[in-house]
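See below for the structure under consideration.
The values are calculated or read from the model by the stated rules, or taken from the named source; none is laboratory data. The structure presented is a predicted model; accordingly, all values stated were derived computationally and were not measured. Cβ placement follows ideal geometry from the backbone for every residue including glycine, while neighbour counts extend to all protein chains displayed.
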Amino acid sequence: MFMFARRTDWQLTQNRYSAALDRARKRGPLLDLTASNPTQCGFEYESEAILKALSCPEALLYEPQAQGLASARQAVADYYNKHPVRAGAGEISAEQIFLSTSTSEAYSFLFRLLCNPEDEVLVPRPSYPLFEFLARIQDVKLATYDLFHDHGWHVDFAGLKKAAGARTRAVLLVNPNNPTGSFVHSAELRQIASFCRERELALISDEVFLDYAVESSAEMSVAFEDECLSFALSGLSKLAALPQMKLAWMMVNGPVKLRDAARDRLEIIADTYLSVNTPIQYALPQLLSQRERIQAQIAARVRKNLMALDTHLAGNKAIERLHIEGGWYAVLRVPATQTDEELAIELIDRDGVVIHPGHFYDFSGEGYLVVSLITPENDFAEGIRRALRRF
Ligand SMILES: Cc1ncc(COP(=O)(O)O)c(C=O)c1O
């Protein structure tokens, strides 16, 4: 029999949730409260300027550079240097930036840089479900540390320390986290960065939602963290709501010698692929310059949907909407009378409403649902109304 690599031994049959979703879609339209593709959520993009930026004549020439074109990297450095969370930190140079096609690709480069096969990285739980795949494809193992909810979400630092073993190579942060919406707070960062320095671990922070403050604001970015070897990841997909452009970056920081050693090695990895296309690199300064206008539309949508959600929940003692510091998701704490998957399937089958069960994000128990706050407003309000009827 033909042998595929063991790392591809995935469960390829549909799970119950996706099977229910497929069946329901065949029956008719659903109200999808998981919509998170901003290009299909009714926002107004500056289409002409975007298309014009992509047709720059210089893009006809191929001049490969491992880290990415200097003009594009400078635009990313400017983004950080003007960011409110910089607060007196030293200036970031374009030399510290590596472009990639996505944060997913950035993770894979970093796992290649930092981990031998079977080494581990520590990831928060609950969090972004793609980590499992990103790690496994690179023969890296995941260990988790908990985020716990007690008047807001906090990093279980004692648990993080315990989870770090002899094969741990890096600690991952998601700032703000998807889906809990919790920013990493400055005091938490100090503890974690010191721990990483002492244990010679790298710190990787996924900051794709950094600019989407909701009920709190960001306190810091790991882009400015120089106590330990650190990497801040972001990109156009969330920052400028342009996931189709496939442009992201890693910002390398840390003690100078270590940072330079990491850069030299990362340069070879990046040079091996040269994966970012030229037109998008020339377009980057223009696409980044539009981010505030699209971010404002998204922030308005998030606020409106959150208000609708809170209005529907007023007086409903069975459900709690958890505080959202940032990002564009809301977590609902619901009675755990069945598994989240069963509940999500019932919502699809009986109410025609699509909502993510908490187990997609590895919540530690049952009783969590996750909705996207960038869902078009009418769908959101009607979907929430229908879903809440059952509680
Ligand atoms: C936390 C987090 N990181 C990264 C991404 C994806 O970024 P990219 O499109 O750059 O791979 C997502 C997308 O949902 C996300 O939620």
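General remarks:
- Candidates 5, 35, 19, filtered to the one that is of a type outside the set (S, T, N, Q) and under 18 Å from residue 340 (Cβ atoms): 19
- Verdict on residue 293 being surrounded by fewer than 16 Cβ atoms within 10 Å (Cβ to Cβ), out of contact with any His (no Cβ under 7 Å at 6 or more places or on another chain) and not aliphatic (A, V, I, L, M): yes
- Summed over segment 207-228, residues that are out of contact with any helix residue (DSSP H, G or I) (no Cβ under 6 Å at 6 or more places or on another chain), closer than 19 Å to residue 178 by Cα and not β-branched (Val, Ile, Thr) total 7.
- Residue, farthest from residue 210 (Cα to Cα), within segment 296-324, restricted to residues that are exposed (fewer than 14 other Cβ atoms within 10 Å of the Cβ) and among the basic types (Lys, Arg): 317
- The listed residues are 292, 377, and the only one of them that is free of Cβ contacts under 8 Å to residues at least 40 places away in the same chain, under 26 Å from residue 218 (Cβ atoms) and among the acidic types (Asp, Glu) turns out to be 292.
- Residue 258 surrounded by 16 or more Cβ atoms within 10 Å (Cβ to Cβ), assigned to a helix (DSSP H, G or I) and free of Cβ contacts under 8 Å to residues at least 40 places away in the same chain: yes
- Counting residues in segment 317-340 that are part of a helix (DSSP H, G or I), outside the structural domain of residue 219 (by TED's automatic domain parsing) and over 19 Å from residue 36 (Cα atoms) gives one or more.
- Among residues of segment 77-106, those that are in a helix (DSSP H, G or I) and under 19 Å from residue 260 (Cα atoms), counted: 5
- Residue 34 being within 16 Å of the ligand (Cβ to nearest atom), not in a loop (DSSP other than H, G, I, E, B) and not assigned by TED's automatic domain parsing to the domain that holds residue 208: no
- Counting only residues that are in contact (Cβ under 8 Å) with a residue 40 or more places away in the chain and either assigned by TED's automatic domain parsing to the domain that holds residue 245 or among the charged types (D, E, K, R) (or both), segment 304-316 holds 1 of them.
- Against the test of being buried (at least 20 other Cβ atoms within 10 Å of the Cβ) and in contact with a His (Cβ under 8 Å, 6 or more places away or on another chain), the options 205, 234, 221 yield a single qualifying residue, 221.
- Criterion applied to 122, 172 was being within 11 Å of the ligand (Cβ to nearest atom), in contact (Cβ under 8 Å) with a residue 24 or more places away in the chain and not basic (Lys, Arg), and the one residue passing it is 172.
- When residue 72 is tested against (1) under 30 Å from residue 141 (Cα atoms); (2) within 16 Å of the ligand (Cβ to nearest atom), exactly one condition is not met: (1).
- Among (1) closer than 30 Å to residue 64 by Cα; (2) touching a residue at least 60 places away in the same chain (Cβ under 8 Å); (3) crowded, with 19+ Cβ neighbours inside 10 Å; (4) within 20 Å of the chain's Cα centre (by Cα) - the single one residue 137 does not satisfy: (3)
- Any chance residue 113 is assigned to a helix (DSSP H, G or I), hydrophobic (A, V, I, L, M, F, W, C) and touching a residue at least 24 places away in the same chain (Cβ under 8 Å): yes
- Matching entry among 95, 105 (being at pLDDT 95 or above, within 13 Å of the ligand (Cβ to nearest atom) and of a type in the set (Asp, Glu)): 105
- Verdict on residue 79 being within 12 Å of the ligand (Cβ to nearest atom), of a type in the set (Phe, Trp, Tyr), touching a residue at least 60 places away in the same chain (Cβ under 8 Å) and over 22 Å from residue 269 (Cβ atoms): no
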